[in-house]
1. In nm², what is the average projected area of the convex hull enclosing the Cα atoms of the chain?
2. If you average the alpha carbon positions of region 169-232 and of region 442-465, how far apart do those two centres end up, in angstrom?
3. Evaluate the relative contact order of region 439-502 (contact order divided by residue number), counting alpha-carbon pairs under 8 angstrom at least 6 apart; express in whole percent.
4. Once you list every other residue whose beta carbon is under 12 Å from the beta carbon of residue 417, what net charge do they have if Lys and Arg are +1 and Asp and Glu are -1?
5. Which whole-number percent gives the relative contact order of region 390-492, counting Cα pairs below 8 Å spaced six or more residues apart?
6. Leaving ligands, DNA and RNA out of it, report the carbon-plus-sulfur percent of the accessible area of region 67-383 at a 1.4 Å probe.
7. Around residue 372, under 12 Å between beta carbons, what's the net of Lys plus Arg minus Asp minus Glu among the other residues?
8. Counting Lys +1, Arg +1, Asp -1, Glu -1, what net charge surrounds residue 208 among other residues with beta carbon under 10 Å of its beta carbon?
Amino acid sequence: DFSKAMSQAGTSQFQEVIRQELEYSMKVELDKILATAPSNELEHAKKDLEGFKKLFHRFLQEKGPSVDWGKIQRPPEDSIQPYEKIKARGLPDNIASVLNKLVVVKLNGGLGTSMGCKGPKSLIGVRNENTFLDLTVQQIEHLNKSYNTDVPLVLMNSFNTDDDTKKILQKYSHSRVKIYTFNQSRYPRINKETLLPIAKDVSYSGENTECWYPPGHGDIYASFYNSGLLDNLIGEGKEYIFVSNIDNLGATVDLYILNHLMNPPNGKRCEFVMEVTNKTRADVKGGTLTQYENKLRLVEIAQVPKAHVDEFKSVSKFKIFNTNNLWIALSAIKRLQEKNAIDMEIIVNPKTLDGGLNVIQLETAVGAAIKSFENSLGINVPRSRFLPVKTTSDLLLVMSNLYSLNAGSLTMSEKREFPTVPLVKLGSSFTKVQDYLRRFESIPDMLELDHLTVSGDVTFGKNVSLKGTVIIIANHGDRIDIPAGALLENKIVSGNLRILDH
């Protein structure tokens, strides 16, 4: 046993030496990169690289999945409240004074590349020519006009989306919403083999764009604080932020949740509220809230030991998942940020660049910080508050008559007989937004649709109705044109179907 202990000590000593060497090499490389910064960018680049160095240090310290499966427990009953209970409290007469304490923050760092678009995802047209950003501004403007309040909108951009977003913001200069932006950090991608940055200088245009990345939305705490905006908003008397992904069209300001935060029934305010909703089979990979070492904790699939992944995905054991709609106290962010006490697990995201080089980027997720805040709470909200548009299949749902649009908010049509959305799977010919739009002369009537699968070269004429389960498959080399005015109910269409113009 003694020799075993000695060899283990030797191994850990050896690992420590390697860690120190890696950290030293990283420091040398980052110093070289920083030396290329022009004087007007120096301060900014320094902050970014300091933040990255801390993350890299933690990455070298951590080993294997970051949760001990044996310690995971179901959250206590009262730690996740049903939305109905919160809504049942009603609203106070002075809802305007409560609203005036709120800031809406949208995570706007993502590009539309997965849907074949250049530029920020928030600028993709979603409904009647309105983009994600248009709908967000309309929602907040409607609130401010209805209650005579001053709820501002804050966009967290990344270096990928900042320029394009700022150009577009001019069009809202007359709207009744103050809009602020700040940028999340810019971190260097690292070579998977050498664990050194692939960037040689600080520039991030042209061929250097691939050298840098925005480090996930967990970066919000540090960036918001460093931008000075956090202090300004506290100075204006703001108390809570409502954070959500800009592509989640269900994430509108909820007055009942806000009231619960500002006027808690037990007199003790929550610093962090996470909206969760019930899992369906489509959400088995979503992060879930658990009780861990007497704290609410968000556990993501990447943190789960391999042997327990199936258990984690089980809809019966872990019934809810995180929508990433979060309500957080500004004063708590300031306090924790100043103490450097926000603890978020590192997500290692492997990527292969166009030239075939394997890199990793180190990221964090905003919801993972829940365990650092006092008196956190989960609220189990209706599924309607989670309506993300990640693909053109999602886009088809929100563009269709399943939803009606009112003051920037989408609500499920009352004509739909059941509250769930149909399952839609559009094939690869529909992946890019411009291809998708070309294939629909008008969006079909989908009020009575349960399931739609489309594969291959398929186009839809005007005023098509889809009901029940519809499967349309054009094999390689075939093409199917669904004629204008067609009604497809519980149909499988395959082979070749050309509608010729006479």
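The values are calculated or read from the model by the stated rules, or taken from the named source; none is laboratory data. None of these values were measured; they are calculated from a predicted model. Please note: Cβ atoms are built from the backbone with ideal geometry, for glycine as well, and neighbour counts cover all protein chains shown. Calculation scope for accessible area: heavy atoms of the full protein, side chains included, ligands and nucleic acids excluded. Shrake-Rupley method; radii C 1.70, N 1.55, O 1.52, S 1.80 Å.
1. Numbers: hull surface 115.9 nm².
The Cα convex hull of the chain, projected and averaged over all directions, gives 29.0 nm².
2. 39 Å
3. Here the relative contact order equals 31 percent.
4. Computed value for this residue: 0.
5. 22 percent
6. Exposed carbon and sulfur together represent 48 percent of the surface.
7. Cβ neighbours under 12 Å give a net charge of +1.
8. Within the 10 Å Cβ shell, the charges total -2.
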